[in-house]
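Only one structure is covered here, and it is reproduced in the block below.
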Amino acid sequence: GENVEQHPSTLSVQEGDSAVIKCTYSDSASNYFPWYKQELGKRPQLIIDIRSNVGEKKDQRIAVTLNKTAKHFSLHITETQPEDSAVYFCAAFPQGAQKLVFGQGTRLTINP
Amino acid sequence: GAVVSQHPSRVICKSGTSVKIECRSLDFQATTMFWYRQFPKQSLMLMATSNEGSKATYEQGVEKDKFLINHASLTLSTLTVTSAHPEDSSFYICSATDRNEQFFGPGTRLTVL
């Protein structure tokens, strides 16, 4: 089955700097890759996603890149702000599997 | 986006009792819902896939007789933690898929004393 690895587990950056979180997946049939932000005690919220027919997607300060050949995808947050502090999860959706497989999560801390 | 609700949001119970958690899709029908468990500072671990009108599919290592799942309608799935013990204390989150996007409920924090 699909296996998703996420790095780093913790990340601390200065406000205004960029943050990058990387994930690798094992199943080449996976075709959908969402990123979720989870604040303490709350539900995960979808912040951006990308499908396998696209290499990059951007939404204001957030972007995701996908390298299908290498089977990895990354989340990029620019001009970070304190409210970006949260745990971020990547996930992969194997085609036909009907369920997401999550990475281990990255605790992002933005230092003022 | 679509809305998934969960009830209760918090529950504290004594060891040995059973606890039922409800998950509802409010503005869409969900033939499939998912139940996750999340321990502190850990990722979401899929416990089971709830299928409307049929038996749930459990992930390896999850006891189906302990975590009973019922998906009686297209908008409601329930998870019952039977004979709960302190090690079952966790954050339980359900989710449902609407038009290829997965939406999560707000979660239920279960504390077993």
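Read the figures in this text as sums done on the coordinates, not as results from a lab. Please read all numbers here as calculations on a predicted model, not as lab measurements. Cβ: placed from backbone, ideal geometry, glycine included. Neighbour counts: every protein chain shown.
The GNM of chain A, with springs linking C-alpha atoms under 10 angstrom apart, assigns the highest mean-square fluctuation among A:Leu66, A:Leu100, A:Leu75 to A:Leu100. The base-10 log of I(q)/I(0) for the protein assembly as shown, evaluated at q = 0.13 Å⁻¹, reads -0.77 [Debye formula, identical scatterers on Cα atoms, solvent excluded].
Kirkwood radius and radius of gyration were both taken over the C-alpha atoms of segment B:49-113, and their ratio Rg/Rh is 0.97. In summary, the lysines within cross-link reach of B:Lys20, defined as a Cα separation below 18 angstrom excluding same-chain residues under 8 places away, comprise B:Lys55, B:Lys64, B:Lys66. Quick one: Debye curve from the C-alpha atoms of segment A:37-95, no solvent, what's log10 I(q)/I(0) at q = 0.23, 0.29 Å⁻¹? Listed by q, the Debye log ratios stand at -1.03, -1.34.
Among the DSSP beta bridges whose two residues both lie in the protein assembly as shown, what percent are antiparallel, rounded to the nearest 5? DSSP beta bridges in the protein assembly as shown are roughly 90 percent antiparallel. Note on B:Ser83 and A:Arg51: the model spin-label points, each 7 Å out from Cα along the C-beta direction, lie 4.7 nm apart. Taking all Cα-Cα distances within segment A:1-88, those exceeding 21 Å account for 29%.
Considering only B:Gln102, B:Gln29, B:Gln42, the Gaussian network model of chain B with Cα springs below 10 Å gives its largest mean-square fluctuation to B:Gln42.
Which residues in segment A:35-69 place their backbone N less than 16 Å from a point set 7 Å from the Cα of A:Arg107 along the Cα-to-Cβ direction? Correct set: A:38-42.
At a Förster radius of 22 Å, what calculated FRET efficiency corresponds to the Cβ-Cβ distance of B:Lys41 and A:Ser18, to the nearest 0.05? With R0 = 22 Å, the Cβ-Cβ based efficiency is 0.35. The convex hull drawn around the Cα atoms of chain B, when projected onto a plane and averaged over every direction, covers 6.6 nm². Cysteines in the protein assembly as shown lacking any other cysteine Cβ under 4.7 Å from their own Cβ: B:Cys13. Remark: spin-label model distance A:Gln95-B:Ala72 equals 3.9 nm, labels positioned 7 Å along the Cα→Cβ axis.
Under the simplified labelling scheme, the B:Arg99-A:Lys58 pair shows an inter-label distance of 2.6 nm, with each label point 7 Å from Cα along Cα→Cβ.
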